[in-house]
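Below: one structure, written as structure tokens.
The values are calculated or read from the model by the stated rules, or taken from the named source; none is laboratory data. Predicted, not measured: the structure shown is a model, and the values here were computed from it. Please note: Cβ atoms are built from the backbone with ideal geometry, for glycine as well, and neighbour counts cover all protein chains shown.
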Amino acid sequence: MNKIQNQARPVFPFTAIIGQEEMKLALVLNMIDPKIGGVMIMGDRGTGKSTTIRAIADLLPEIEVVSDDLFNSHLYDYDLMSDFVKQQIQNQVNLTTHSIKVPMVDLPLGATEDRLCGTIDIEKALNEGIKSFEPGLLAKANRGILYVDEVNLLDDHLVDILLDSAASGWNTVEREGISIRHPARFVLVGSGNPEEGELRPQLLDRFGMHAEIRTVKDPYLRVKIVEQRTNFDHDPYSCIDEFRNKQKDLKESIIVAQKKLSSIVIDYDLKVKISQICAILNVDGLRGDIVTNRAAKAFAAYQNKDEVDVYDIKKVITLCLRHRLRKDPLDTIDSGNKVDQVVSEIL
């Protein structure tokens, strides 16, 4: 069955994507450490944002989930279990598991709150005394990726729900005094075109990283990208075969980095320097400091190091801070360049 499904929709290989290094790095680091807090990808139309996001989901190793559970529950990790699974474990019920591809859930712009959060069947609850829950997109996205295209056009109310779930890792649905909650740990990926409207600063701040992508200007590179895409559309399977080894290598390095992450250390002096940069740039709150520390560790793990060095910080800090700076309407300098200037002075 899976084979037929996979054949129905071949996915463009992640390693075949040319350019857009900033976006690719931000996505890989979030796969290594989902606690970085997701990625906001802003850029021109037709620059491969959706293609890249779908490609990273296809690249990830499969996850083990409890069978007959609506929330992709983990068998051993308490934070990733639904209350139903916890109860089963307490009652010493033998649970079976199976492997699935990492869930990749699209949130359509016209989605309602019920579609996002799920609904409680009040009639069943009152008549039969059973808590009957129809899961929403947040339940499907647990332990996976939740992708919102044109996030700057999404209803503010839905964005608030999304960000609350992403921050707490739980989704709670309450109706008529009946309450159900379930784990909702996902990497939140938003994309948008700045011409169609800016995001509120407090929403931007909740995304761990912010990647900016531009249309490629080099004509030779543009031809290469067009040819690559044309070849894939003409014969997707030979294109997938061509990149099979590169895909395998990247998948392995992500798995190694995930295992290594908890042992990576970051020197106290470097932590002070990160906070010094955040203070000079006048970054509100401490989220910038926390995310930069996390991202630097994830990048060091990805490079197969044991300790974070200055290079790792320089590589990730612009991604972590550029969207947290206070916007001065009279400022002509790009926020990314502003971060770079301060970083080169301090580091």
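Annotations for the structure displayed:
- Being exposed (fewer than 14 other Cβ atoms within 10 Å of the Cβ) and either within 18 Å of the chain's Cα centre (by Cα) or at pLDDT 90 or above (or both) is true of residue 223.
- Members of the range 298-343 that are of a type in the set (Ser, Thr, Tyr) and modelled with pLDDT of 80 or more: 302, 311, 318
- Among the residues making up the range 258-287, those that are under 21 Å from residue 323 (Cβ atoms) and in a helix (DSSP H, G or I) are 273, 274, 275, 276, 277, 278, 279, 280, 287.
- Conditions (1) surrounded by fewer than 21 Cβ atoms within 10 Å (Cβ to Cβ); (2) farther than 26 Å from residue 287 by Cα; (3) at pLDDT 85 or above: number failed by residue 21: (2)
- The set of residues in the range 47-82 being part of a strand (DSSP E or B) and either hydrophobic (A, V, I, L, M, F, W, C) or not assigned by TED's automatic domain parsing to the domain that holds residue 184 (or both) consists of 63, 65, 66.
- The requirement of being in a helix (DSSP H, G or I) and exposed (fewer than 14 other Cβ atoms within 10 Å of the Cβ) is not satisfied by residue 298.
- Matching residues, the range 254-275, being surrounded by 15 or more Cβ atoms within 10 Å (Cβ to Cβ) and either closer than 22 Å to residue 38 by Cβ or polar (S, T, N, Q) (or both): 254, 257, 258, 260, 261, 264, 266, 274, 275
- Residue match in the range 290-297 (condition: of a type in the set (Val, Ile, Thr), under 16 Å from residue 339 (Cβ atoms) and modelled with pLDDT under 90): no
- Whichever residue in the range 203-220 is part of a helix (DSSP H, G or I) and in contact with a helix residue (DSSP H, G or I) (Cβ under 9 Å, 6 or more places away or on another chain) and, among such residues, is surrounded by the most Cβ atoms within 10 Å (Cβ to Cβ): 203
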